Amino acid sequence: MRKYMGVLLVIGCLTLSSCFDLVEQIDMDHKGAGTIKATLNLSKSRTKVASLMKMKQFNGIDIPSETTIKQEMAQVVRTLKSTSGISDVQYNLDFQNYIATLSCRFENVQALNDFSKTLSGQFKTQITSYNSYQYDRASQTFSRSYTYTPNLAKEFSKVPNDDRNLFADAYYTNIIRFDKNIQSQSHKNAKISANKQAVFLKVKATDLINGSTSLTNTITLVK
Amino acid sequence: MKLQKSYIATLVGLSIAATSYGQQDLIQQVPENASFVVVINNQAIVKHSSFEKINEVLEKLGAFDDIGNQDVPIERIHDLDLSYDRSAYIYKSDTDSSYYTGILLPLKAGHQIGTNLFSKLSPLPASQGYERRVSTDGKTQVAWNDHGVLILTGDARRYYFDTDSVAQRYGIELPTYDEAVTLPDYQYDDYQYDVVPDTADIDDMADDAADAAYTIIDTTYLADAISDNLHVDFPPPALETEESLVYSDYPVYDTYPDSTYLKEMARNAKNDSLRNAAFASWLAEDFDHYLHPAQNATSHKFLNTFDKKNTLVHFWSRNLMSLYSQSIPYYMPTMQYAFVNQMEKLAYGYQDIVLDLVQDKHTLKLQGSFGLDKEMERMIKPIYKNKMNRKFARYIPEKHIGYMSLNFNSEAYLKNFPLMMEQLYGSTMYFAFGEVAGIVATALEIALDEKAIANVMGGDHLLFINEMKKVEKEYIDYQYDENTFDYKEIKKTKDDYIPTFLWMFTSEDQRIYKKILKLGESKEKVTQTEGIYRIADKPNDEIIYALFKDNMVFVSNDEEQLSAIRTNRFPASRDKHIKKQIFSNTMTAVTHLSEIPETINRLGIPVIKRWDHLVNNLSAYGDVTITAQGSKKGRITGEMAVDFPQQETNALQYLLQELLKTIDK
């Protein structure tokens with residue numbers, strides 16, 4: 001993840017407007033099982049990404065080739081498929097629009113955390129040390145713990161001052177849907193859908209990087 | 001790298017140093033048989049730059065660190081014993097057995113070069129007014145008088161000693177590959193081969209072998225066998241490191257006591273020593289001929305013909321073959337590879353080659369030319385005889401990033417192509433194609449209707465890269481349903497920039513193009529609107545447009561431009577300089593460097609950090625211009641010119657200043 005965050009930072013430097021969107025969607029039933037789908041959309045920076053991918057390295061950051069990305073993704077999928085509680089792993093890499101999606105089914109929230117752990121291992125970063133999920137079936141409470149990590153800020157600090165502004169329109173979107181109504185959620189910037197079964201949170205990438213926004217949230221379902 | 005930089009800097013410094021002392025030009029001492037000669041025109045270099053700047057650059061490159069001695073330190077170019085007002089020469093001469101590199105440097109009056117530079121070399125008897133020295137290995141000799149110094153060095157050619165007679169003469173021990181390798185005395189008949197019964201069941205054999213190798217240990221038995229009070233301290237398991245993964249039983253090659261290898265090394269060392277001794281003796285014998293050449297290089301017309309006021313460095317080579325032979329591996333000519341033969345055939349058509357680095361105010365130019373032999377000129381001259389279509393002048397865009405023009409006679413090219421092919425491949429010995437090259441050439445001559453083909457594409461082309469055009473590009477975004485936060489992909493557009501181009505060429509007979517486009521129309525890849533063809537193979541592909549007007553074909557990715565051409569509304573440039581370049585040169589390529597930074601920025605092309613400064617500075621530059629002229633008076637000429645920023649007095653001063661900044665970093 002760190003390696004690719006480096007690449008994302010580079011892409012961010014190169015673009016003048018919304019450079020990328022990272023959308024994470026979790027659909028969970030009241031028993032704690034569900035699906036997760038993560039989408040990285042770089043289509044708005046398509047031209048620039050295409051230029052970048054023609055290079056092997058840019059300012060000290062290795063740029064993965066299409067083949068490398070495919071191999072890495074295949075490896076992630078293989079690992080996920082062998083993770084207990086994870087099934088139906090699917091992925092798609094669109095090198096025309098530069099959109100990557102990865103989805104799978106999880107049997108319980110622990111498997112969801114294992115999903116993150118697998119990604120950590122693959123991309124050699126500690127996602128699970130600062131992000132994890134819990135679900136208390138008894139109290140019908142789903143919570144996400146998020147601790148700000150200085151790693152991203154460290155990578156971001158390598159970006160020249162002038163270029164940091166260019167990250168202004170990169171967003172992280174998180175959608176969590178349930179099969180029951182939501183009673184409450186604790187994040188001040190998140191909103192509950194009209195049908196009261198989904199929570200939507202969209203934050204700026206820069207806010208995440210500099211720690212001014214957290215992803216911690218506690219969602220309580222109606223019993 | 002530092003040493004190499006320092007060495008080069010020293011050489012440059014030595015060749016451009018100090019005071020005025022009017023003496024004969026050292027060109028008299030450049031031998032007539034030199035393969036190539038580099039003339040360093042000190043007067044022009046000094047005139048166009050400054051001692052202070054040159055001194056500063058050389059000092060920072062460490063040029064003075066390795067020259068001089070402790071008693072007489074060299075700190076500035078003024079401390080060198082060299083003269084400014086005459087040129088320095090570097091040449092190379094080649095023979096079958098060896099090559100020599102000669103460096104001729106003008107000296108100032110009252111110089112002490114013997115003490116200052118050559119004190120460590122061994123003295124030789126003086127002769128004819130020259131002090132002489134020789135290096136320890138005998139492979140370099142030096143001689144100087146009041147006016148100049150000759151440094152002559154070189155080496156023997158390895159392949160010269162590969163023939164038996166020569167090897168014998170010099171005591172070289174050639175490797176003999178047909179020697180039988182002596183094997184240890186091994187009695188093959190005593191070897192007991194495993195007797196395999198014909199009816200052996202391979203599976204059973206495999207099972208038996210596996211059973212023999214794998215023994216299942218009854219651990220219960222073992223546990224009972226081990227005494228209860230047995231204490232054994234087992235060391236902790238070794239951590240697997242990279243070193244431990246190395247298979248240590250395999251001997252390292254360098255210390256492997258192979259007598260054959262050691263013999264080979266000893267033989268090579270001995271042979272090298274003999275070759276060096278041979279070369280040293282040849283150098284001693286030939287040195288006087290180089291010091292006082294019977295015939296000097298002034299007989300070569302283009303060696304001494306150049307703009308003495310503005311040419312900084314002048315390079316002359318006897319012919320292309322001389323240059324080519326410097327670059328091929330030493331063993332290739334002797335092996336007579338077919339490729340080498342072909343290259344030689346091609347190379348012999350070209351005669352002397354000249355390259356000049358010229359300072360022209362804020363422009364630095366690299367001008368080159370090479371002569372053609374009669375036969376080559378006869379083949380090539382008609383190809384360059386072509387008139388550029390004058391109507392092109394009506395369609396030169398006002399704003400562009402760069403352009404390229406090419407003008408050749410395609411009819412003449414097609415007529416001469418079979419002849420050139422036969423020339424090149426005709427006598428090839430190793431490829432079967434060589435035997436039929438002549439037949440193929442004749443068949444082409446018969447089959448091709450050169451005039452008809454030339455009517456399709458005359459040979460004059462003009463291509464402009466225009467300024468960036470704003471276009472709308474699609475991208476994928478998401479639309480969220482407020483009710484469920486389900487999202488779907490939607491296509492949005494955003495402004496983007498793409499470079500546009502305009503290509504035009506003469507075509508008297510446009511039928512084939514129109515027929516191809518008609519076929520494209522039937523396949524729905526091409527559409528036509530008011531005479532402008534729109535070509536797009538796939539939906540996401542860049543759209544190309546084509547237009548036929550008068551006897552010209554226009555191709556572009558900007559429909560507006562073609563539409564303006566069609567309706568005679570095209571705003572043409574009135575720049576006479578562009579027209580002159582396009583119509584008087586066989587080939588022209590121009591890039592307006594000042595447009596590059598904005599182009600890169602708009603296109604979003606990533607720029608590596610260390611190039612940032614250079615790219616940003618480009619806005620202060622002028623043009624890079626490359627031109628070439630076809631055969632004129634038996635020569636083909638070309639030029640590459642760079643217009644530098646006008647911040648300093650001239651281009652050379654600007655370069656030196658930039659070099660100082662780079663070194664400081």
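Listed values, structure above:
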item: Sparse-neighbourhood loop sites, trypsin sites (Lys or Arg not before Pro) in segment B:495-587 - DSSP loop, at most 11 other Cβ within 10 angstrom; result: B:K523, B:R569, B:R574
item: Spin-label zone in segment B:263-298 - amide nitrogen under 16 Å from a point set 7 Å from the Cα of B:L174 along the C-beta vector; result: B:268, B:271-272, B:275
item: Average other protein chain Cβ within 10 Å of Cβ, residues A:42-55; result: 4
item: Amide H contacts under 5 Å for B:N551, placed H, 5+ residues apart; result: none
item: Measure of compaction for segment B:460-643 (Cα Rg per 2.2 N^0.38 Å); result: 1.36
item: Contour minus Cα-Cα distance for B:T442 and B:R602 (0.36 nm per residue); result: 52.3 nm
item: Rounded to whole Å, sorted largest first: equivalent-ellipsoid semi-axes of segment B:558-605, Cα gyration tensor; result: 23, 21, 10
item: Fully extended contour minus Cα-Cα distance, from B:N568 to B:V46, at 0.36 nm per residue; result: 182.5 nm
item: Cβ-placed point charges (K, R +1; D, E -1), dipole of segment B:460-643 about Cα centre in debye, nearest 20; result: 1020 debye
item: Above-threshold pairs, the threshold being 18 Å between Cα atoms, out of A:K204/B:K473; B:K385/B:K632; B:K365/B:K385; A:K37/A:K117; A:K48/B:K469; result: A:K204/B:K473; B:K365/B:K385
item: Distance in nm between pseudo-label sites at B:A167 and A:K202 (7 Å out along the Cβ direction from Cα); result: 8.1 nm
item: Percent RCO, i.e. relative contact order, over segment B:460-643, from Cα pairs under 8 Å lying at least 6 residues apart; result: 14 percent
item: Per-residue ³J(HN,Hα) for segment A:130-136, Karplus 6.51 cos²θ - 1.76 cosθ + 1.60, θ = phi - 60°, Hz, x for Gly and Pro; result: 10, 9, 7, 10, 9, 9, 9
item: Stretch gain in nm, segment A:E72-A:K154, where the contour uses 0.36 nm per residue and the Cα spacing is subtracted; result: 27.1 nm
item: Using a Förster distance of 56 Å, the FRET efficiency for B:A277-B:M640 (Cβ separation, nearest 0.05); result: 0.80
item: Sorted largest first, extent of segment B:568-665 alpha carbons per principal axis (Å); result: 47, 41, 24
item: 5 angstrom amide H check on B:V30, placed H, neighbours 5+ away; result: B:A297
item: Cα-based convex hull volume of segment A:167-216 per residue, rounded to whole Å³; result: 73 Å³
item: Under 5 Å, built H, 5+ apart or other chain: amide partners of B:T140; result: B:S135
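Here, each number is a calculation from the coordinates, and none is a lab measurement. All values reported here derive from a predicted model rather than from experimental measurement. Quick reminder, even Gly has a Cβ in these numbers, built from the backbone with ideal geometry, and neighbours come from all protein chains shown.
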